[in-house]
Amino acid sequence: MTLRTAHASRARRPAWAAPWPDATARATAAAAADRRRARGVTYGIVLALLLTAAVQVEVWPLTAYRLFSAVRTDTSTVLDLVAETADGDVTVLPAHPAEPLTTTASQYRTLTTAPPERRHAMVTAWLDLAGIDTATVSTVRLDRTVRTLEPGTDRWVVRSRETVLEVVP
Amino acid sequence: MTATTGPPLRRAAHAVDRALLAPGPAHRLLEVRTLLALVIGLRLATRDWTAIALRPAVLTDHVNVMGWLVVPPPAWLLVTVQAAGLVGVVLAVGRTRGRAGLVLAWCAYTALAALWGSSGKVMHYDVLTVTVAFALLLAADPPRARTVEQSTPWGWPPRAALAALATVYFLTGAQKLRHSGLDWALGDNMSWVLRQGWVGSPFGPGWVQAVADHPWLPQALAGGALALELTAPLWLAVRSTRIPFVLAVAAMHGSIWAFLGLDYSAWVLTAAAVAVPMALPPGRRLLGGPGSRAAGGRTGSRTGSRTDDDEVRPSGVPVSR
């Protein structure tokens with residue numbers, strides 16, 4: 001018998017021995033703690049998900065789970081950032097196709113409420129991402145366009161366009 | 001507490017509570033944890049997270065769990081977090097430090113996914129994996145030795161993951177009803193979704209156009225998706241319908257990818273990681289080998305109470321799912 005197994009056999013209580021005096025109490029407490037943890041985690045997650053969806057909060061990873069939840073029609077309204085240059089109007093699009101850059105376009109709608117300094121910084125950042133030299137740009141417009149998709153084609157027909165905001169970079 | 005008496009709602013709540021707390025086999029927890037870790041590992045390994053560093057600070061949205069980070073993280077830090085997450089995946093899959101490994105992998109994945117989505121648009125591709133895996137972070141670590149014992153600490157975590165999965169799918173359907181009503185499925189909605197999104201289809205616009213131009217087909221797709229999402233808790237509550245549910249969500253998300261090019265593969269993999277092992281009888285292991293029943297093993301919780309694998313309690317709800 002090695003030293004290790006000898007220690008182990010001495011430490012292990014024989015099967016016929018009575019349980020430790022507090023063994024039952026400890027086991028009961030451990031089982032109660034297991035049940036509390038199970039309920040807390042499971043019901044906590046479910047309640048958090050339901051509450052977040054009910055109040056429409058978006059604090060990722062808590063989200064309202066609005067996936068395609070709005071009805072689409074043939075008409076859609078989009079916001080475009082357009083740079084006015086000497087060569088004409090250029091739609092501002094990130095040159096790098098990575099998702100974290102392209103999806104920043106979702107923040108166009110925040111431009112109207114942003115303070116002037118932040119608005120200027122945002123527009124300049126978008127021009128940089130699009131690879132447009134700010135020195136060549138006289139004005140950047142935020143256009144709201146209402147357009148209709150013609151059935152049977154992939155052609156959008158512009159119904160109306162209005163300039164929501166102008167920023168000088 | 002008498003579970004068999006009282007109003008039906010209370011009886012149902014008691015039945016759910018009993019099912020949650022019923023003892024479960026350690027190998028099921030290990031299987032679900034391992035598969036979820038692999039999904040996290042796949043997501044961590046197959047994306048260039050350094051793109052986050054290219055986003056200017058002024059265009060970074062801070063309404064998420066990483067909103068406290070005001071300075072854009074440099075590329076080297078993003079790669080370090082990615083590597084740390086992959087080490088966590090290895091630990092979780094290797095079961096040397098299973099729970100600690102999953103915690104490390106989950107933290108790294110959640111942080112990177114939150115930063116990835118900090119561009120002003122709510123991104124849902126990774127949120128299901130993050131939410132479902134969270135249920136396992138506080139689970140006990142089963143012993144490394146192969147055990148045949150069933151215990152409450154090993155039974156509830158996979159069921160908690162199943163509950164999170166069911167709730168998320170239900171909410172995606174419920175929000176469609178809430179904001180659009182039945183018109184979401186019965187009107188022209190899906191036809192216009194297809195027409196507006198076909199530029200993303202990996203198979204080109206022609207066939208998407210053909211589907212969109214047959215109104216009954218988009219309506220069938222939308223109706224099927226809505227019905228599947230709203231009934232997810234029912235599919236996942238019964239062991240025999242869990243694998244059909246996984247196949248159904250694979251078909252749904254697969255069609256979204258084929259039509260629109262949107263990659264919800266993480267949702268399919270997460271659903272499979274939880275629902276497939278949980279579709280097996282408690283005594284059967286996912287990759288074969290002797291389970292608790294095959295080994296003639298004993299069952300019971302830490303307190304010594306015993307239950308059979310498929311025992312049906314007086315309420316009629318199988319306790320081991």
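Ordered from largest to smallest accessible area (heavy atoms of protein chains, 1.4 Å probe), the residues A:Met122, B:Met123 come out as B:Met123, A:Met122.
In peptide A:103-110, what is the residue-averaged number of other protein chain Cβ atoms found within 10 Å of each Cβ? Display every interim value, and only then the final one.
On the way: counts 11, 10, 4, 5, 7, 1, 1, 2.
Mean shielding count: 5.
Long hydrophobic helices in chain A: the complete DSSP H runs spanning 30 Å or more by Cα along their own axis with mean Kyte-Doolittle hydropathy of at least -1.0 are A:23-55.
In this simple spin-label model, placing a label point 7 Å from the Cα along the Cα-to-Cβ direction at both A:Val168 and B:Thr50 gives a separation of 4.0 nm.
The Cα atoms of region B:33-164 give a gyration tensor whose axes a ≥ b ≥ c have a/c of 1.5 or more with a/b greater than b/c, which makes the shape prolate.
Cβ-Cβ distance of B:Thr241 and A:Thr112, R₀ of 41 Å, FRET efficiency by 1/(1 + (r/R0)^6): the value works out to about 0.25.
For the pair B:Arg18 and A:Thr85, label points projected 7 Å from Cα toward Cβ lie 7.2 nm apart. For chain B, what is the accessible area per residue in Å² when the probe is 1.4 Å? Spelled out: the 1.4 Å probe surface of chain B, per residue, equals 41 Å².
Give me the 1.4 Å probe accessible area per residue for chain A, excluding ligands and nucleic acids, in Å². Result: 59 Å² per residue. Between the alpha-carbon centres of region B:201-250 and region A:81-154 there is a gap of 36 Å.
Mean per-residue shielding of peptide B:57-64 is 6, counting Cβ atoms of other chains within 10 Å of each Cβ. By its C-alpha gyration tensor, with a ≥ b ≥ c as the square roots of the eigenvalues, how is chain B shaped: rounded for a/c under 1.5, else prolate for a/b larger than b/c, else oblate? Cα axes put chain B in the oblate bin.
Treat every Asp and Glu Cβ in the protein assembly as shown as -1 and every Lys and Arg Cβ as +1, leave all other atoms uncharged, and give the resulting dipole magnitude about the Cα centre to the nearest 20 debye.
Using only the charged Cβ atoms, the result is roughly 3180 debye.
Model label sites at A:Leu93 and A:Val157, defined 7 Å from Cα along the beta-carbon direction, differ in position by 2.4 nm. Its Kirkwood hydrodynamic radius, worked out from the mean inverse distance over all distinct Cα pairs, puts chain A at 22.5 Å. Of the whole protein surface, A:Ser69 contributes about 10 Å² of accessible area at a 1.4 Å probe radius.
Packing around the peptides A:71-84, B:258-271, B:68-81, taken as the average count of other Cβ atoms within 10 Å per residue, puts them in this order, highest first: B:258-271, A:71-84, B:68-81. Computed with a 1.4 Å probe over protein heavy atoms only, the accessible area of B:Phe203 comes to about 120 Å². In the protein assembly as shown, the portion of solvent-accessible area held by carbon and sulfur atoms comes to 63 percent [1.4 Å probe, whole percent, DNA, RNA and ligands not counted]. Within the protein assembly as shown, DSSP assigns beta bridges of which about 95% are antiparallel (rounded to the nearest 5). With a 1.4 angstrom probe, the accessible area lost at the B-A interface totals about 5500 Å². Remark: relative contact order (region B:158-283) = 31 percent; criterion is Cα-Cα distance under 8 angstrom and separation of 6 or more residues.
The accessible area of B:His27, taken with all protein chains in place and a 1.4 Å probe, comes to roughly 10 Å².
The values are calculated or read from the model by the stated rules, or taken from the named source; none is laboratory data. As the structure is a prediction and not an experimental result, all values here were calculated from the model. No Cβ is skipped: glycine too gets one built from the backbone with ideal geometry, and neighbour counts run over all protein chains shown. These accessible areas exclude ligands, DNA and RNA; they are computed on the full protein's heavy atoms, side chains included. Shrake-Rupley method; radii C 1.70, N 1.55, O 1.52, S 1.80 Å.
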